[in-house]
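Asks: Below is one structure. I have some questions about it.
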């Protein structure tokens, strides 16, 4: 069976179960934590794939992967492992995140700056975003000194590049075009 389809089914079932228990936001937070652990520790995938490790070790590893796992999270992990789908957990968590954000009209965005942006700037970006798109912006910030100044805002399928690096590159291209006409 298609692994994406399986991940989708588990994520939908988890979202429905979490909604029935009134903990969909908590589960969303825990699924984000789980994805972050997978991203930071590639060994977690190796642990889930390993057929020699006992089920209890895999469960305990996944329980401690998130802060204060609730009962719904633990029951879901138990179900996934019982059905032998633990290798799909990262995909399930990513799909849950996507389904949750779609349902709650949350758009993920990334603000890249050369230095750490002040809280006022982040609040201003979120305020402007609300006037453009109906929804909530879940903004992540990232510092990349190589952009030299300005910012790059990415959300949904859009990218607003107002970095000094891009502006200098544009000026350089214009200069090269003008120089080639003269030469």
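Bear in mind these aren't lab numbers, they're just calculated from the coordinates by the rules spelled out. What you see is a predicted model, and the numbers here were worked out from it, not measured in a lab. Methodologically, a virtual Cβ is constructed for each residue, glycine included, from the backbone with ideal geometry; neighbour enumeration extends over all protein chains shown.
Asks: So how tilted is helix 89-103 from the main axis of the chain? Cα-based, degrees 0 to 90, rounded to 10.
Replies: 70
Asks: What translational diffusion coefficient, to the nearest whole µm²/s, does the chain have by Stokes-Einstein, given a Kirkwood radius computed over alpha-carbon pairs, a temperature of 25 °C and 0.890 mPa s viscosity?
Replies: Working: Rh = 19.3 Å.
D = 127 µm²/s.
Asks: On a 0 to 90° scale, report how tilted helix 24-40 is relative to the longest principal axis of the chain, with both axes built from alpha carbons and the result rounded to the nearest 10.
Replies: 70
Asks: Provide the three semi-axes, in whole Å and in decreasing order, of the ellipsoid equivalent to the stretch 3-102 as defined by the square roots of 5 times the Cα gyration tensor eigenvalues.
Replies: On the way: eigenvalues 79, 38, 34 Å².
Output for the stretch 3-102: semi-axes of 20, 14, 13 Å.
Asks: For the stretch 137-151 and the stretch 96-124, what is the separation of their C-alpha centers, rounded to whole Å?
Replies: Value for the Cα centre distance between the two parts: 12 Å.
Asks: I've got another one for you. Give the value in nm², to one decimal: projected area of the alpha carbon convex hull of the stretch 92-183, averaged over all directions. Don't skip to the end; give the middle numbers.
Replies: Details: hull surface 33.2 nm².
About 8.3 nm², averaged over all directions.
Asks: Can you tell me the orientation of helix 71-82 relative to the chain, as the angle in degrees between its alpha-carbon axis and the longest Cα principal axis, to the nearest 10?
Replies: Taking the Cα atoms of the chain, the angle to 71-82 is about 80 degrees.
Asks: Using a 10 angstrom cutoff on alpha carbons, build the Gaussian network for the chain and name the most mobile of 107, 55, 121.
Replies: Its mean-square fluctuation being the largest, the pick is 121.
Asks: What FRET efficiency comes out for the pair residue 143/residue 82, r = Cβ-Cβ distance, R0 = 30 Å, nearest 0.05?
Replies: Result of the calculation: an efficiency of 0.10.
Asks: When the helix-only estimate is applied to the chain (DSSP H runs of n ≥ 4, each -39,500 (n - 2.57), divided by the residue count), what is the mean residue ellipticity at 222 nm, nearest 500 deg cm²/dmol?
Replies: On the way: 8 runs with 112 residues, N = 183.
Taking each H run of at least 4 residues, the total per residue is -19500 deg cm²/dmol.
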